[in-house]
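Before any comments, here is the structure.
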Ligand code: GLC
């Protein structure tokens with residue numbers, strides 16, 4: 001075993017000869033360190049941790065269930081899991097970072113391994129936490145620390161900074177599988193304008209392609225597509241098309257032909273391109289683990305950027321497989337053998353299950369191969385890297401062809417990909433429980449390095465009600481990625497597809513989101529830059545006494561959310577770990593009152609955003625706008641709860657430049673001195689003219705103050 005010291009006390013232990021997965025940025029310096037974990041090596045490797053009654057396990061990213069992972073099994077193996085029922089142990093992401101919180105201190109662990117890892121977090125035996133790594137070549141990273149944020153921050157420092165989307169990616173996006181042509185997309189755009197609902201963009205699902213072929217646009221259904229893309233963009237509205245992992249097998253389809261010639265596809269046992277089936281029927285999968293293939297595929301995104309596209313979503317990249325030839329043949333043979341037979345229960349279920357199990361059967365993963373660093377590698381053993389490396393390919397191409405930031409999200413992911421794109425949480429459903437899952441999932445995913453995250457608001461599958469959409473919007477208004485997306489053949493889910501009241505409430509919430517964008521963007525950028533979390537459960541900040549509260553989240557340093565996630569509720573129980581101010585935001589109005597520490601009932605109507613502001617903190621709000629291009633920070637409204645002194649750093653930039661961005665870092669200070677509030681604004685934002693403060697004090701009294709920015713006139717300007 002080799003060991004290394006990475007920066008900040010982080011230790012790395014190398015077992016066997018692990019593949020360089022590219023998960024971490026830091027390689028480390030060799031150093032002899034003792035590994036005192038209980039590890040049994042073999043064909044599969046077992047790590048065993050004793051669990052004491054008060055121990056907690058946090059992390060593991062995109063999974064269902066509680067934030068504290070105790071009492072459940074999880075499998076880290078990217079899976080196209082369209083039916084997220086409570087018992088599902090794996091979803092689309094493989095995020096092998098967790099923190100073991102004990103009475104005396106905490107330790108973070110990252111398992112750098114590209115294949116299957118199974119976690120039994122006190123499920124079989126509530127006093128044991130077992131990690132089963134399906135291989136013997138891996139790296140174990142160990143991160144000590146005294147506080148949760150310290151451990152996570154150290155991990156994020158070795159994993160590298162998260163992907164930074166453009167500012168416009170923080171707007172509201174409408175999406176739907178089944179917008180069949182350009183006319184329909186145009187209709188959605190116009191309806192948003194007509195109803196005066198802010199709209200940042202429309203996601204284009206696979207309906208825009210020609211026969212489900214990547215990097216094509218149907219000429220018939222989407223004529224003059226490039227012109228349309230640019231027209232919308234001139235009004236600040238973006239189109240974000242989907243790209244799927246499989247390449248249709250079709251002679252004369254350029255991507256297919258090039259892929260064959262360039263040896264870019266994954267191979268079967270015999271060394272021929274592996275055939276699987278997804279949307280278009282038979283496809284080959286690009287071997288994203290080869291650098292040349294990533295470059296080749298990445299270049300293809302130029303087709304989209306040439307049309308004016310600046311954002312893409314990568315899908316079906318676990319990869320999802322409907323069937324492969326072998327299993328389909330076997331299923332058909334079985335069905336033929338059943339013809340005319342009297343099928344008893346066993347035979348009938350065998351027949352039924354054989355067809356049902358064609359979808360995403362993991363046997364397929366044994367049948368195709370990658371070429372990794374010159375070596376043939378069975379897909380099964382590197383499975384979790386596939387979506388990750390597809391996204392790296394997209395990032396390569398988009399970075400090359402757009403000299404600015406772009407929106408990029410992926411469905412499958414593993415740690416490392418967080419540097420290249422964001423994720424959405426896949427095919428959830430229009431269920432109230434999935435709104436709650438969304439709330440719980442955000443901090444666990446964020447811990448694993450991903451910041452540009454969100455779920456399909458309103459739910460992807462199933463039938464959404466107006467009430468569910470509204471409540472979901474009230475939560476998603478705080479997630480960096482805000483997209484309302486729904487599946488083919490479900491009821492329409494746009495804000496205007498319900499009653500007049502739902503339309504009004506959604507409009508008000510989305511406008512509230514736009515008022516929050518300056519704050520959310522600033523918080524996002526500061527969190528990424530400083531390796532801090534954007535989302536935190538209460539226990540991370542206030543300790544074990546709050547471990548059971550998992551439906552209240554902290555955002556940045558300032559805000560606590562307590563969303564309603566149950567049907568027919570206008571109130572909910574909320575537990576305040578400290579005294580806070582309660583804030584209500586709608587399009588034009590804001591309200592601030594005091595809320596005492598402790599459990600209490602919070603009333604939360606459907607037509608606004610409601611959240612808490614912590615003591616000696618403030619948040620800036622802007623004015624709502626039709627989209628981000630029209631947002632301005634000329635006038636800010638700052639809501640503050642100050643009993644002593646509050647300092648806030650407000651970050652801003654042009655929202656599109658890359659590394660060379662010019663950063664505005666404005667410091668706002670509000671201090672209570674001799675019975676009144678003293679305000680200072682250092683390095684005012686260059687657009688800022690006035691800040692209107694609403695400050696609440698400890699007795700609940702409101703103080704309003706206006707602070708104008710006096711700028712020295714430049715010499716060229718005439719004197720007044
Ligand atoms: C997958 C995606 C979903 C998309 C659908 C059709 O199920 O997760 O978002 O709408 O494919 O492309």
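The values are calculated or read from the model by the stated rules, or taken from the named source; none is laboratory data. These numbers come from a predicted model, not from an experiment. Because the Cβ atoms are built from the backbone with ideal geometry, glycine has one as well, and the counts that use them run over all protein chains shown.
Worth pointing out:
- Residue in the stretch 15-34 that is at pLDDT 90 or above and not in a loop (DSSP other than H, G, I, E, B) present: yes
- Residue 220 vs. criteria without any contact (Cβ under 8 Å) to a residue 60 or more places away in the chain, away from the ligand (no atom under 16 Å from the Cβ), more than 23 Å from the chain's Cα centre (by Cα) and over 24 Å from residue 497 (Cβ atoms): yes
- Residue within the stretch 467-476 that is within 16 Å of the ligand (Cβ to nearest atom) and in a loop (DSSP other than H, G, I, E, B) present: no
- Residue 410 being buried (at least 24 other Cβ atoms within 10 Å of the Cβ), within 13 Å of the chain's Cα centre (by Cα) and within 15 Å of the ligand (Cβ to nearest atom): yes
- Residue in the stretch 93-108 that is without any contact (Cβ under 8 Å) to a residue 60 or more places away in the chain and within 22 Å of the chain's Cα centre (by Cα) present: yes
- Flag if residue 283 is within 16 Å of the ligand (Cβ to nearest atom), surrounded by 14 or more Cβ atoms within 10 Å (Cβ to Cβ) and either farther than 29 Å from residue 402 by Cα or free of Cβ contacts under 8 Å to residues at least 60 places away in the same chain (or both): yes
- If only residues of the stretch 486-506 that are crowded, with 23+ Cβ neighbours inside 10 Å and in a loop (DSSP other than H, G, I, E, B) are counted, the one that is nearest to the ligand (Cβ to nearest atom) is 486.
- In the stretch 186-224, the residues that are assigned to a helix (DSSP H, G or I) and surrounded by fewer than 22 Cβ atoms within 10 Å (Cβ to Cβ): 186, 187, 188, 189, 190, 191, 193, 194, 206, 207, 208
- Sole residue being in contact with a helix residue (DSSP H, G or I) (Cβ under 9 Å, 6 or more places away or on another chain), away from the ligand (no atom under 16 Å from the Cβ), at pLDDT 95 or above and farther than 30 Å from residue 29 by Cβ, chosen from 186, 161: 186
- Qualifying residue in the stretch 318-326 (condition: in contact with a helix residue (DSSP H, G or I) (Cβ under 9 Å, 6 or more places away or on another chain), within 20 Å of residue 218 (Cβ to Cβ) and at pLDDT 95 or above): no
- Where strands (runs of 3 or more DSSP E) fall entirely within the stretch 629-720, those with at least 3 residues that are modelled with pLDDT of 95 or more, surrounded by 15 or more Cβ atoms within 10 Å (Cβ to Cβ) and in contact with a helix residue (DSSP H, G or I) (Cβ under 7 Å, 6 or more places away or on another chain) are at 645-652.
- If only residues of the stretch 427-437 that are within 15 Å of the ligand (Cβ to nearest atom) and either within 23 Å of residue 96 (Cα to Cα) or in the same structural domain as residue 565 (by TED's automatic domain parsing) (or both) are counted, the one that is surrounded by the fewest Cβ atoms within 10 Å (Cβ to Cβ) is 427.
- Criterion: buried (at least 18 other Cβ atoms within 10 Å of the Cβ) and not assigned by TED's automatic domain parsing to the domain that holds residue 656 - qualifying residue of 332, 247: 247
- The residue that is surrounded by the fewest Cβ atoms within 10 Å (Cβ to Cβ), counting only those in the stretch 16-38 that are more than 31 Å from the chain's Cα centre (by Cα) and more than 17 Å from residue 143 (Cα to Cα), is 17.
- Between 126, 87, the distinction of being out of contact with any helix residue (DSSP H, G or I) (no Cβ under 9 Å at 6 or more places or on another chain) and modelled with pLDDT of 95 or more belongs to 126 only.
- Test: residue 394 is more than 20 Å from residue 21 (Cβ to Cβ) and either surrounded by fewer than 24 Cβ atoms within 10 Å (Cβ to Cβ) or at pLDDT 95 or above (or both): no
- If you go through the stretch 438-451 and pick out every residue that is surrounded by fewer than 24 Cβ atoms within 10 Å (Cβ to Cβ) and within 16 Å of the ligand (Cβ to nearest atom), you end up with 1.
- Number of the condition not met by residue 593 [criteria: (1) in a strand (DSSP E or B); (2) touching a residue at least 60 places away in the same chain (Cβ under 8 Å); (3) surrounded by fewer than 20 Cβ atoms within 10 Å (Cβ to Cβ); (4) in contact with a helix residue (DSSP H, G or I) (Cβ under 8 Å, 6 or more places away or on another chain)]: (4)
- Counting the residues of the stretch 452-474 that are surrounded by fewer than 24 Cβ atoms within 10 Å (Cβ to Cβ), touching a strand residue (DSSP E or B) at 6+ places or on another chain (Cβ under 9 Å) and touching a residue at least 60 places away in the same chain (Cβ under 8 Å) gives 1.
- Among the criteria (1) in contact with a helix residue (DSSP H, G or I) (Cβ under 8 Å, 6 or more places away or on another chain); (2) surrounded by 18 or more Cβ atoms within 10 Å (Cβ to Cβ), the one residue 80 does not fulfil is (1).
- The single condition among (1) within 16 Å of residue 255 (Cβ to Cβ); (2) in contact with a strand residue (DSSP E or B) (Cβ under 6 Å, 6 or more places away or on another chain) that residue 267 does not satisfy is (1).
- Residue that is farthest from residue 363 (Cα to Cα) [pool: residues in the stretch 250-280 that are within 16 Å of the ligand (Cβ to nearest atom) and surrounded by fewer than 20 Cβ atoms within 10 Å (Cβ to Cβ)]: 279
- Test result for residue 400, in contact (Cβ under 8 Å) with a residue 12 or more places away in the chain and farther than 18 Å from residue 316 by Cα: yes
- Criterion applied to 370, 365 was being out of contact with any strand residue (DSSP E or B) (no Cβ under 7 Å at 6 or more places or on another chain) and either in a strand (DSSP E or B) or closer than 24 Å to residue 274 by Cβ (or both), and the one residue passing it is 365.
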